[in-house]
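Below: one structure, written as structure tokens.
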């Protein structure tokens, strides 16, 4: 039987893919690639068609298999798949290092870039070659043989450590649960959360209710549960995951994993001639330098912290005067914030849930994208997926298919937490001159439908869905035909969040909410009074939220910029220092947030978490043009499509932004949209 991971099909045959297919497929592709690279690197007079294009074909075949394996590991994790994933990851890391340090191959690319006719290549082709030469340098191609070997060892160890970090967080998250038999202990929880807790208990063949650390279970407890002791227990379990503290102390401890990751990142950066890993990180980003990032974060902090302090003072006064609570603890913040929000605006996330059923929000999201960018989106029920409630969709324009995507909305056992977009296939024109269409994976962890009741989303979850779909549109609506810079490929990491944060804005306007919101029983639109309250509460505690994100960003960046191998940094100590300088809410001594900070220790955000705020400035400023022209203004939508989404990584992000906005980005729009300027004034 043909290995389903080795076919040329655009859409993976999920019904046929088995775990035993994965490693043989990767082995075969890596073997084929190595043999072909040896031939390609020997060319005396390489051209785009004889070198760069065949290399993209090799990369695409490998990505087409690995993207599926990686995706299934994230959404259907089990011991067997995890073991295969780790072995494949080790082989891929070795291969990647081998390619990036292939001096003969690098030399062939240098010959291509030096050709007289290089300037006649398309902008996307030239950018692809430029990025490739940069990445050869960053991969250690210029190093002496002994240092190349050291680089390879560091890369392999980092891949293993990152995977271990992620596994520890997943295991710690899924192991802990609290079994509750008396519903009175869960007083205050909304019916949707109780339904979820009953369902979690049934899955474990228990009576009563089960609280877990998955976000759809954790969040309602911290926000609504009247039982302060339970809130504290759940909070402690959550913030001590994968650490030396808490109910599972030491079982999946990431403390040494973090230290080992930081040491190896620093060593790798120094090998390449950078002072630290923060400098190495910025080599592929939009921000000019370490000082620029620190200045950016500190400037935002200086403007936001007074507003955050005001937010906390108001919350403390409210808890004391209305509820007799003299000292707010960390596990009280969400609970009393929600009480204050309800008192001030007479609205809560639960109030809005009935108007955001998933089966209305999803088509509403599609309608927004269709109006903005002139596309059509249709479900394709005949396409097989990996899970019964995962769906496949086709995007078309003027009757022509331009992209596909999969949507996996709901939390379940064995699925990594959070929400993300990943590419399945990239758009490019292949060796035969045929256009391969882009395919995306979109994954969330919302509360699933339970006992015949539909999945009802909070407004925050709606914005999460829009955020990930923004990433998806960036990947799927590209018009670039060079794989290396198509869609999100080749986009500077601190600009890649622009389309995602940009699309969130359509969750906050009457005209777009009319497409998204309708009562799950009556179909009635969101009432005017609820809409007014939602918009009025938009910037509730915006200072606290801004400072919290800046805390994560500064912690990440300082930890990588200030690392000293002579006196290695303790991540917990750096986090404590940053909190002392910027945080407005005191964390308990047992808090071990860094131990589960997967974005930077197991994701792509190392020395790059600031990218969220950096791109938020771009997104807010880009959206301000829609505020001026109309949120569904067709010309503005076409301009964003043409200048941002369709261009992918084919040009520098600042050039693309200026082409759309007519000038460089300004921070004022973000402060205004966050309510910080008005609030501070």
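The values are calculated or read from the model by the stated rules, or taken from the named source; none is laboratory data. In this text, all values refer to a predicted model and were calculated from it rather than measured experimentally. Reconstructed Cβ throughout: ideal geometry from the backbone, glycine too, with neighbour counts over all protein chains shown.
Output the residue which, of all residues in region 661-681 that are surrounded by fewer than 21 Cβ atoms within 10 Å (Cβ to Cβ) and not in a loop (DSSP other than H, G, I, E, B), is modelled with the lowest pLDDT.
It comes out as 680.
Take region 571-602 and flag every residue that is assigned to a loop (DSSP other than H, G, I, E, B) and either touching a helix residue (DSSP H, G or I) at 6+ places or on another chain (Cβ under 7 Å) or touching a residue at least 60 places away in the same chain (Cβ under 8 Å) (or both).
583, 584, 585, 586, 587, 588, 590, 591, 592, 602
Quick one: in region 66-118, of everything that is outside any helix (DSSP H, G or I) and in contact with a helix residue (DSSP H, G or I) (Cβ under 8 Å, 6 or more places away or on another chain), which residue is surrounded by the most Cβ atoms within 10 Å (Cβ to Cβ)?
Filtering first and then ranking leaves 101.
Within region 422-444, does at least one residue satisfy the condition of being more than 24 Å from residue 641 (Cα to Cα), part of a strand (DSSP E or B), touching a helix residue (DSSP H, G or I) at 6+ places or on another chain (Cβ under 8 Å) and modelled with pLDDT of 95 or more?
Checked region 422-444: at least one residue is more than 24 Å from residue 641 (Cα to Cα), part of a strand (DSSP E or B), touching a helix residue (DSSP H, G or I) at 6+ places or on another chain (Cβ under 8 Å) and modelled with pLDDT of 95 or more.
Mind counting the residues in region 119-138 that are surrounded by fewer than 18 Cβ atoms within 10 Å (Cβ to Cβ) and either more than 32 Å from the chain's Cα centre (by Cα) or outside any helix (DSSP H, G or I) (or both)?
3
Which one of the conditions (1) modelled with pLDDT of 95 or more; (2) under 21 Å from the mean Cα position of the chain (by Cα); (3) surrounded by fewer than 19 Cβ atoms within 10 Å (Cβ to Cβ) does residue 635 fail to meet, given that it meets all the rest?
(2)
Which members of region 284-328 meet the condition of being in a loop (DSSP other than H, G, I, E, B) and either in contact with a helix residue (DSSP H, G or I) (Cβ under 7 Å, 6 or more places away or on another chain) or crowded, with 16+ Cβ neighbours inside 10 Å (or both)?
Residues satisfying the conditions are 284, 285, 286, 287, 289, 325, 326, 328.
Evaluate region 336-351: report whether one residue or more is without any contact (Cβ under 8 Å) to a residue 24 or more places away in the chain, more than 27 Å from residue 448 (Cβ to Cβ) and in contact with a strand residue (DSSP E or B) (Cβ under 6 Å, 6 or more places away or on another chain).
no
Have a look at 53, 44, 28, 39 and point out the one that is over 28 Å from the mean Cα position of the chain (by Cα) and not in a helix (DSSP H, G or I).
After ruling out the rest, the residue left standing is 44.
Taking residue 155 as the residue in question, decide whether it is under 30 Å from residue 358 (Cβ atoms) and not assigned by TED's automatic domain parsing to the domain that holds residue 228.
Criteria not met by residue 155.
State whether one or more residues within region 215-224 are on the phi > 0 side of the Ramachandran plot and at pLDDT 95 or above.
No, region 215-224 has no match at all.
Only residues that are at negative phi and part of a loop (DSSP other than H, G, I, E, B): list them for region 637-660, please.
The answer is 646, 647, 649, 650, 651, 652.
Does residue 491 qualify as being out of contact with any strand residue (DSSP E or B) (no Cβ under 9 Å at 6 or more places or on another chain) and over 17 Å from residue 614 (Cβ atoms)?
Taking the combined requirement at face value, the residue does not satisfy it.
Just to be sure before I move on: is residue 57 crowded, with 21+ Cβ neighbours inside 10 Å and either within 20 Å of residue 36 (Cα to Cα) or in the same structural domain as residue 485 (by TED's automatic domain parsing) (or both) in the structure I sent?
For residue 57, the condition - crowded, with 21+ Cβ neighbours inside 10 Å and either within 20 Å of residue 36 (Cα to Cα) or in the same structural domain as residue 485 (by TED's automatic domain parsing) (or both) - is not met.
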